[in-house]
Structures are given as structure tokens and as C-alpha cells.
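The values are calculated or read from the model by the stated rules, or taken from the named source; none is laboratory data. Computed from a prediction, not measured in an experiment: that's the story for all the values here. Note: ideal-geometry Cβ built from the backbone for every residue, glycine included; neighbour counts use all protein chains shown.
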Amino acid sequence: MAIGLEDVVAAETVLSDVDGLAGRLVIRGEPLEDLTGRVSFEDVVGLLWEGFFPDLPADISGPLAQARARVYRIVEREQAMLAELPVYDGVRALMARLPDGTDLDTALLLTAAPAVALPAAIRLQAGKRPRAPEPGIGHAADMLGMLGDGPANPAMAAALDSYLVTVIDHGLNASTFVARVVASTLAGLNSSALAAIGALKGPRHGGALGPVLDMLDAIGSADNAIPWIENELASGRRLMGFGHRVYRVRDPRADVLKAALERLARSGAVDTTRIELAQKVEAAALAALKRHKPDRVLATNVEFYPALLLEALGFPRSAFTAIFAASRIGGWIAHAKEEAANGRLIRPKSHYVGPLPREAA
Ligand code: ACO
């Protein structure tokens, strides 16, 4: 029995390949390093969706911008809900307001929804009015424009775009598997996306981003890194931003996003003392994890440096996992379409270990 379905192959996909031994991620034939910082989020969504929607345009930028404007009209009606719920739950609840279906229009609205609901929720919770999306600008720049009080700084928009491109798809991770399970029942894309966004929330998946910053705050200064880390490990707690089910070497997404953070720092938008502390904490954590688990490679994963990147972009840490969802939605939709087209109902078995009925006397 494969507890956690470790090493079980449960789907065939043309979408992405995670090579955990080589530390390589390929998205539709393209190595991640050729995508991050070179193409936009819209381009990668188009790449992933190719062949799954008969009416997919060559460039989805315009239709996605229109979808953001349509979602904003729903956001305006749901301000009380977005002001009240935790950001992640508000974004999920707003997605649940959208129609379920399997067509391109449903896919575009679902992809627009977190990008529009998330900045609105952050503003509302800070006592500000939401800001409407702007036509004619990119998805990442528009997200930052809706968050701030004016147009996005181009270096910041490029950094957010790099993040959205990097985390859009990653093989059969927990949330993508959930999306495929739901799609295998032939429910609509919204049903798949809502199930997946629930799975992403947990700290063993997309929920480690904010806790990475909590860890840096708790450590405070480089000379406290080793004692703090040793105490965590001795207490049986896990270090956030380290370890991965598949990678047995460094997560390649950690490297491209560290490079994106360094590019942003060169524009002056990042507190470099924060990066220096993070680098020292990373080195101390890697050494401690090696001593703690000598038989298992526990390397830096995709949550560590992005937490600093998203903080530098002005997002509160309570919103980080929703930004992850704003990217991964593109992958979930592609996987749901692929599963519904090719797959068979996903229905594994369980092994009953409970009591047996008493024999009739
Ligand atoms: N800190 C300390 N110990 C760890 C860590 C960590 N970050 N990660 C794994 N370990 C330990 C486990 O406690 C386990 O020890 P045990 O055998 O004595 O119980 C051993 O290493 C093996 O770990 P597994 O639980 O088998 O690893 P798994 O593949 O199930 O977990 C996971 C992967 C969930 C990411 C894990 O490494 C973890 O909890 N990391 C911290 C949270 C985190 O960074 N999450 C983001 C993941 S990236 C993403 O999903 C986008």
C-alpha cells in the first residue's frame, strides 16, 4: 500500500514534468529557466491551455483583461464578504460565485478571479475602497495596480510576473491531483478549482509562504539562527520552506525566484538586510537538516525566497497563498481539461482496518 500515494503514477500529462533527482521542471517542453523572466503569465497560461479549448486565441491578454473587468463587477457587489473573511477564504468564496462550466469563458473568469479579488480584499481590510482593473496592461501589473494607489512600478510588475510564471504548474502536486479527481467525475472547471484551492491552503503545500516570514521574524538576527533552528528541530517541528516530496536536490523554482528577488533588489525595492538574514538562515537550516536527517535530502523549496519577494511587492503575508492560487489556477484548469478529455473516473480503494461485524449468534 502506498500511503500518501508516494511513487504512484496516477495520470498521463503533456503539461509539466518534475524530475526530482535532476532538480528539473519542464512546462510543455520548455525548461522553467527559459520561461521565468522571459515570458508573461498570460503566455504560459496560453501554452498550458493550447489544445484544450477550440476557441483559444493566440494571445489571451485581451480576453483575460476583459474577464478581470467582469470579475470586478462581482467584487463590487461582494465587498462586505471580502472585507470580513480571511483573504484566502474570501478569494475562494468569490470564485464560488462564478458559473461552473467547461468552456473558455469559464476558464478566463476563474483565472481572473483571484487576481481581482485578492487586491480588493487586502484594500477593504485596510479600510480602503477597491480599485478597478485597467484595460491594456498585463495581468501582474494590473494586480499590483489594483493593490496600490497608482500604476505599478515596472520592476515590481516584472517580479510578480516571474513568480506567477514559476509556480503555475508542477506535475501531480496535491492540489492539481484534487483538481483532476473532480474533473474525472465530469464536474465543471469551477468545481475542480474550488477543490484544488482548498488543498493548496495547507502548510504542507502552499500555506508555508507566510510562516517562512514568521520564522525569519522569530529568528530576528543571524546569530540567533542556529539556536532557534536547533530548538525547532529538537521540538519535532518542521522548518518552513525546506523539504519536498519529489525533489531530492534543490527545487529549481527556488533558484529562479531567488534570481528574481535579486533583480528586484537591484531596483532598490527590497530591504537587502532581509535577504542577507534569509541567506544566513537558509545556510544554517540546510546544515541543521543535514545533521538532523542525514539519509534524506531536505533542500530549499519554492516557498522560501518567494516569501521575501511577495513581501517586497507590498502584499501582506496573509495574502501570500492566495497569490500562489492566482498563478496555479492556470495549471489546475489545464489539468482538469486534460483529465476530463482523457481520463477515467479516479476511484482508488481503501483498506478497511476497523472492527468487523459480530458473527450472528
Ligand atoms: N523540517 C524538518 N524536518 C522535515 C522537513 C522540514 N521542513 N521536511 C521533512 N522533514 C522530515 C520529516 O519530519 C520526516 O522525518 P521522520 O521520517 O522522522 O518523520 C522526514 O523529513 C521525511 O519527511 P516526509 O514527511 O516524508 O516528507 P514529505 O515528502 O511527506 O513532505 C513536505 C514534504 C510536506 C513539503 C515537508 O518537507 C514539509 O513539511 N516541509 C515544510 C513545509 C513546507 O515548506 N511546505 C511547502 C512545500 S512546497 C509546495 O508544496 C509548494
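Residues in the range 195-212 that are surrounded by fewer than 22 Cβ atoms within 10 Å (Cβ to Cβ) and at pLDDT 95 or above: 4 in all. In the range 291-307, the residue that is farthest from the ligand (Cβ to nearest atom) out of those that are in a helix (DSSP H, G or I) and buried (at least 24 other Cβ atoms within 10 Å of the Cβ) is 305. Please go through the range 213-236 and pick out each residue that is near the ligand (Cβ under 9 Å from one of its atoms) and either within 19 Å of the chain's Cα centre (by Cα) or of a type in the set (D, E, K, R) (or both). If the condition is that a residue be near the ligand (Cβ under 9 Å from one of its atoms) and either within 19 Å of the chain's Cα centre (by Cα) or of a type in the set (D, E, K, R) (or both), then 232 is the only one that fits. Residues in the range 100-132 that are surrounded by fewer than 24 Cβ atoms within 10 Å (Cβ to Cβ) and touching a Gly at 6+ places or on another chain (Cβ under 6 Å): 100, 101, 102. Within the range 97-133, the residues that satisfy the criterion of being over 19 Å from residue 315 (Cβ atoms), in contact with a Leu (Cβ under 8 Å, 6 or more places away or on another chain) and not in a helix (DSSP H, G or I) are 98, 99, 100, 101, 102. Taking the criterion of being under 22 Å from the mean Cα position of the chain (by Cα) and at pLDDT below 90, the only residue of the range 252-293 that qualifies is 270. Quick check, is residue 239 among the hydrophobic types (A, V, I, L, M, F, W, C), under 25 Å from residue 153 (Cα atoms) and within 16 Å of the ligand (Cβ to nearest atom)? Considered against the rule, which asks whether it is among the hydrophobic types (A, V, I, L, M, F, W, C), under 25 Å from residue 153 (Cα atoms) and within 16 Å of the ligand (Cβ to nearest atom), residue 239 comes out as no. Selection of helices (runs of 4 or more DSSP H) fully inside the range 36-96 by the criterion of at least 1 residues being within 24 Å of residue 124 (Cα to Cα) returns 61-77, 79-84, 87-96.
The helices (runs of 4 or more DSSP H) falling completely within the range 172-220 that include 1 or more residues that are within 15 Å of residue 102 (Cα to Cα) and either of a type in the set (S, T, N, Q) or in contact (Cβ under 8 Å) with a residue 60 or more places away in the chain (or both) map to 174-184, 189-200.
Inclusion of residue 137 among residues that are assigned to a loop (DSSP other than H, G, I, E, B) and either closer than 24 Å to residue 55 by Cα or in contact (Cβ under 8 Å) with a residue 24 or more places away in the chain (or both) is warranted.
If I ask for residues that are under 18 Å from residue 41 (Cα atoms) and free of Cβ contacts under 8 Å to residues at least 40 places away in the same chain, which ones from the range 106-133 would you list? Across the range 106-133, the qualifying residue is only 119. Within the range 250-290, the set of residues being closer than 28 Å to residue 168 by Cβ, of a type in the set (Lys, Arg) and in a helix (DSSP H, G or I) comprises 253, 258, 263, 266, 274.
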